[in-house]
Structures are given as C-alpha cells and as structure tokens.
C-alpha cells in the first residue's frame, strides 16, 4: 500500500461491464518526501476522492473486489481505501 | 492497472491450449505524460483493441480469468479491460 | 518479505471501515547494508512497532489478512510481522 | 506476461519434491526492441523450449500450477506457456 | 523465481507466532552473470541452506505456505525451494 495523489480521470467508452458507472482515477505515486514520482496506477475510487487529494492506494485483487463489494467476482486490482489527512514523519529517519 | 498503447501482436504456433484463438497483444506502458516507456506486457485482448489504441491494462490472474470468462481455470495474467478515449489530467499535479 | 524501518504514521479520517482503529505505519525499505532507500510501504502494524524500529514487512494480501485475524475478509496487503533485533550478515557476500 | 529468451538451465540436487523431473530454465527478459535485459526468471518449462528460443513467460502462481497440471497444489510461480514465432511491431509506436 | 545467495540471518524476538522456530534468511538476488545485486528477500528456509549457498527463491504466498506445509494458513511469501549446484548458461545469449 502506498500514498498517491489524484492527478486525473480516465474516460473510456469501450470497457468491461464491471467498470460501468465506476470512477477511474489516475493516481501518481508519492515518494517518502511527499513528491510526485513517475509511477502511477489507475485505481477505482470508492472514497469520493478529488483531484489533488492524497490517498492510500491498495493494489491487490481480492482486496479491491472487497472494497468494491463484488468479491469474489470483479476484474479489478487497485482501489483507493482512504483519503489521507497528513503523514507524521519521524525526524531521525527522514 | 495502467495505461498502455497497443504496439504489436505476438504470433506463436507452439502454445498452451488456453491461448488457441486468443489475440495476444504487445502493450507498451505509458508514463504520466502519455509517452511510451520501456515497460510492456503481453496481454490477452477481449476488447477488440487495435494497434495504436490506448488501453487500460489489468495485470492480475483472477481478474484476467474473469474477463476471459474462464475463472477459475485459465493460465493468464494480463488483459485489456478498456479502450481509453482520453485522460483528463489536472494542471496542478502535472 | 523485506526489512524496513518505521518512519512515520499515516492519519486519515475518511477511510474504509476496515482501517478503523488500526495503526497505519509508513515503513521505509532498507537495503542490504541497512540504509534507508526511496521505497516504502504503508503497512498495518500488529506487532506494536515504534518509530525507528527495524521490522519485517510481509507484502501479500492473504498473509496480511491472516495476521490481522480477518481472513478471508479484509482489504489489506502489507503488514509488519516481526520487530528485528539484528541481522547477521556474512562477510564473504557483503 | 512478457517475452523472454531461454538463456540456460538450472541444476539442483537438493530441491523441493515438486521440482523432481521438471526442467528449470533461466529465461532472460527481452525489451520492446527484442534485446536481452538484466531481468530474468527461473521458469518451469512445459513447452519443450530450447536454449535461444523466444518464449512467452507467465509469472503467476495459480496459472503456473494449472499449466503444470497440479492446481491447487504445487509451489511454482513462473512457467513458459508458448514458443514465440515472431512479434509484429507497429511502426508508429516503435 | 530467481537465483539468490544466502547472505545472512535475521534475528527477531518479537514476531508473529508463525515464525517461531523457523529460520529466516537474508537472500541477495543474483543477476544473469551470477553477481550479487542490491535486491534481496527475507525468505523462510526449508532446504537447510547455509550462508554462501546459491538457492532458488520462490516468492508467492500460496507456494510458500505449501512448502512450509501450512497451506492455507500461514503468513509467509518467500521461501527457498532448492539449493543450486550450477547454472548452465548458453554462450550465444550471454
């Protein structure tokens, strides 16, 4: 699980029925210092996250299906499970 | 899940029976700016995607089997689950 | 499984019910020499680890659910499974 | 799933019983241009692939067990599922 | 699955009960040329491997639980499944 920042939205007309009505967000992965990295995921949003929000991304199939309330059926891997208020970083290991 | 661009087709005569009649596409992974990266996947196409299309790639075994309608049986991990129209990127996090 | 160092805490008000009452730690991955790297995970702590502790991180959904005593239900992937006393490194392969 | 080139064979006397009689191949991962990279997998071969062959590698536990006809039992993750004849790369995305 | 070299031992007093009595080895990942890389795993050893041994590491939860004879219960992901005698590398792809 990692911290990401919502960077945009993916729009697709031709898609698997599972994704009908689901919001697909482009989430950039943040590094330990909170900066945007080159890594990202397309994640299903079940937390009503908005662009710019820092979120907790969970990237595992079974977990994603549970959060979408579709386990065991549902082709999905990455979901947003929390909107992060802040991260308390210890000085000594920064 | 990530955004890829269909870059080619894989042709194989000797293959596991599961792949008989299935289209195997070479999909290059795109970065946050929409540029082709060095990463790629060989994905089964169930969305009739064509070369050059930007697609949503789902890389998880159970999901892939569901999209291929073969769960729980079927040796497969990566599938195309959507053809992307466009990505709305927020200015502030670009 | 890898060795990490607890670097901070993640605070989130809006989150999936599963994470209510659970401590979410930011764990920096250590390299072979014991130095902090740029990689990290947000892991659920079931071992009462504290900031600065070196811990064993297990990053697999089913294992994480077992450690949280919620298998098969529970959207979670990374957990702390041990607090490390020390690592005995062999001279010849260092 | 990715394209690899068979680069060698792994010989082991002390091994888990599952691997008795199974051919363990060292498969180098190829990049989009078909060049060998630094990445590799040790994969079980069920397609009678030979050294130098370009192969399709599937790196997922459940799939690997199915291809080895041992699902749900069998400690294995990477298998060769096809011997590739050729890859048709599109000019415009190369 | 990849080739690693046993580089050390992890000692932990506070740990999940599953790891009681199990040997946790630090295994450095080797590259195609057999050199130690910066990557490593903490793996459970069921093959009585010793420091300096070259081993086959299997990094998948279900496989790891099977090798530890605890499937479906047991929080574990990486295990040593063979002690490697030698690797026969083909000249043409080296």
Checklist entry - For region C:37-47, what are the residues that are in contact with a strand residue (DSSP E or B) (Cβ under 6 Å, 6 or more places away or on another chain) and outside any loop (DSSP other than H, G, I, E, B)? => result C:37, C:39, C:40, C:41, C:42, C:43, C:44, C:45
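Per-residue answers, yes or no, for (1) closer than 23 Å to residue A:20 by Cα; (2) buried (at least 21 other Cβ atoms within 10 Å of the Cβ); (3) touching a strand residue (DSSP E or B) at 6+ places or on another chain (Cβ under 9 Å):
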position	(1), (2), (3)
B:1	yes, yes, yes
B:23	no, no, yes
B:56	yes, yes, yes
B:86	yes, no, yes
Item to check | Failed item, numbered, when residue B:4 is tested on (1) modelled with pLDDT under 95; (2) more than 8 Å from every other protein chain (Cβ to nearest Cβ); (3) under 11 Å from the mean Cα position of the chain (by Cα) | outcome: (1)
Checklist entry - Quick check: anything in region D:70-81 crowded, with 19+ Cβ neighbours inside 10 Å, modelled with pLDDT of 95 or more and out of contact with any helix residue (DSSP H, G or I) (no Cβ under 9 Å at 6 or more places or on another chain)? => result no
Item to check | Every residue from region E:53-93 that is outside any strand (DSSP E or B), facing chain D (nearest Cβ under 7 Å) and in contact (Cβ under 8 Å) with a residue 40 or more places away in the chain | outcome: E:84
Checklist entry - When you go through D:50, D:34 one by one, which is the residue that is within 10 Å of chain E (Cβ to nearest Cβ) and either surrounded by fewer than 20 Cβ atoms within 10 Å (Cβ to Cβ) or part of a loop (DSSP other than H, G, I, E, B) (or both)? => result D:50
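The values are calculated or read from the model by the stated rules, or taken from the named source; none is laboratory data. If you're wondering where the values come from, they're calculated on a predicted model, not measured in any experiment. All Cβ positions, even for glycine, are placed from backbone atoms using ideal geometry, and neighbour counts span all protein chains on display.
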